[in-house]
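The values are calculated or read from the model by the stated rules, or taken from the named source; none is laboratory data. Keep in mind that this is a model prediction, so the values were computed, not measured. Every residue, glycine among them, receives a Cβ derived from its backbone with ideal geometry; neighbour counts consider all protein chains shown. Heavy atoms of the whole protein, side chains included, go into the accessibility calculation; ligands, DNA and RNA do not. Shrake-Rupley method; radii C 1.70, N 1.55, O 1.52, S 1.80 Å.
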Amino acid sequence: ADVTVTAWIEGGPLRPGGGATLRARVTLAGSLYVSAPLASVTAASDLPVEASGFVASAPESALLPFEDAPKAIYRKSFELTAELRALPGAAPGSRGRVRLSVRYQACDERSCRPFADLSVDVPVEIAP
């Protein structure tokens, strides 16, 4: 695949009413890049868990052959982080997943591809 994403949770398992950090690394093959900011980043869970405050690592500024001015882009890889919180009432000991979805447009030095969506499931557990 030309674009891949891996994701994990730091600071888990979650405690009801408590939080952790959802982290992801998006990796781009070859000379591909994506424009910043991303088209969208969302997370959904089958447990009473919510993700908020998505932040992407700092993009680079590059003058591309078909642009008149420098553009903010990501090359090779970049990271995303968000605060993950178990909502009050989350059942202790329950296990599920958080699905992280990223919408982006990959380009190279000649052209851009159609927008694409990439999702990854991350196991999540509410502490007993």
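How much accessible area per residue does the chain have, in Å², with a 1.4 Å probe?
On the way: 6870 Å² over 128 residues.
Solvent-accessible surface per residue comes out at 54 Å².
Compute the FRET efficiency between ALA127 and ALA44 as 1/(1 + (r/R0)^6), taking r as their Cβ-Cβ distance and R0 = 22 Å, and round to the nearest 0.05.
Numbers: r = 21 Å, r/R0 = 0.95.
Efficiency at R0 = 22 Å is approximately 0.55.
Between SER57 and ARG110, what is the spin-label point distance in nm, taking each point 7 Å from the Cα along the Cα→C-beta axis?
2.8
Any number yet on Rg/Rh for the chain, C-alpha, Kirkwood?
Working: Rg = 16.7 Å, Rh = 15.6 Å.
Reported Rg/Rh (Cα atoms, Kirkwood Rh): 1.07.
Based on alpha-carbon centroids, what's the gap between region 33-55 and region 67-105 in Å, whole number please?
Each part reduced to its Cα centre gives a spacing of 4 Å.
Based on the Cβ-Cβ distance from ALA29 to LEU87, what FRET efficiency comes out when R0 is 30 Å, to the nearest 0.05?
Details: r = 38 Å, r/R0 = 1.25.
The pair ALA29/LEU87 has a calculated efficiency of 0.20.
Only loop residues by DSSP count here, and only those with at most 10 other Cβ atoms within 10 Å; note down the GluC sites (Glu not before Pro) in region 62-128 that meet that.
Working: sites: GLU67, GLU79, GLU83, GLU109, GLU125; in loops: GLU67, GLU109.
Taking region 62-128 and a limit of 10 other Cβ atoms within 10 Å, the loop GluC sites (Glu not before Pro) found are GLU67, GLU109.
Taking amide H atoms as placed 1.01 Å from N in the peptide plane, list the residues 5 or more away in sequence, or in a different chain, whose amide H sits under 5 Å from that of ARG97.
ASP46, LEU47, VAL124
Which chymotrypsin sites (Phe, Trp or Tyr not before Pro) in region 49-127 sit in a loop by DSSP (not H, G, I, E or B) and have at most 10 other Cβ atoms within 10 Å of their own Cβ? Intermediate results must be reported in sequence, preceding the final value.
On the way: sites: PHE54, PHE66, TYR74, PHE78, TYR104, PHE115; in loops: PHE66, PHE115.
Passing sites in region 49-127 are PHE66.
Compute the Rg to Rh ratio over region 7-47 from the alpha carbon atoms, using the Kirkwood formula for Rh, and round to two decimal places. Display every interim value, and only then the final one.
Working: Rg = 14.3 Å, Rh = 13.1 Å.
Reported Rg/Rh, Kirkwood definition of Rh: 1.09.
Leaving ligands, DNA and RNA out of it, report the carbon-plus-sulfur percent of the accessible area of region 4-78 at a 1.4 Å probe.
Values: 2090 of 3950 Å².
Carbon and sulfur atoms account for 53 percent of the accessible area of region 4-78.
Work out which trypsin sites (Lys or Arg not before Pro) in the chain are exposed loop sites (DSSP not H, G, I, E or B, at most 16 other Cβ within 10 Å) and give the longest gap free of them.
On the way: sites that count: LYS76, ARG110.
Looking at the chain, 1-75 is the longest stretch - no exposed trypsin sites (Lys or Arg not before Pro) with at most 16 other Cβ atoms within 10 Å.
Using the alpha carbons of region 55-128, what is the convex hull volume per residue in cubic angstrom, as a whole number? List each step's numbers first, then the result.
On the way: hull volume 8.4 nm³, N = 74.
Taking only Cα atoms, region 55-128 has a hull volume of 114 Å³ per residue.
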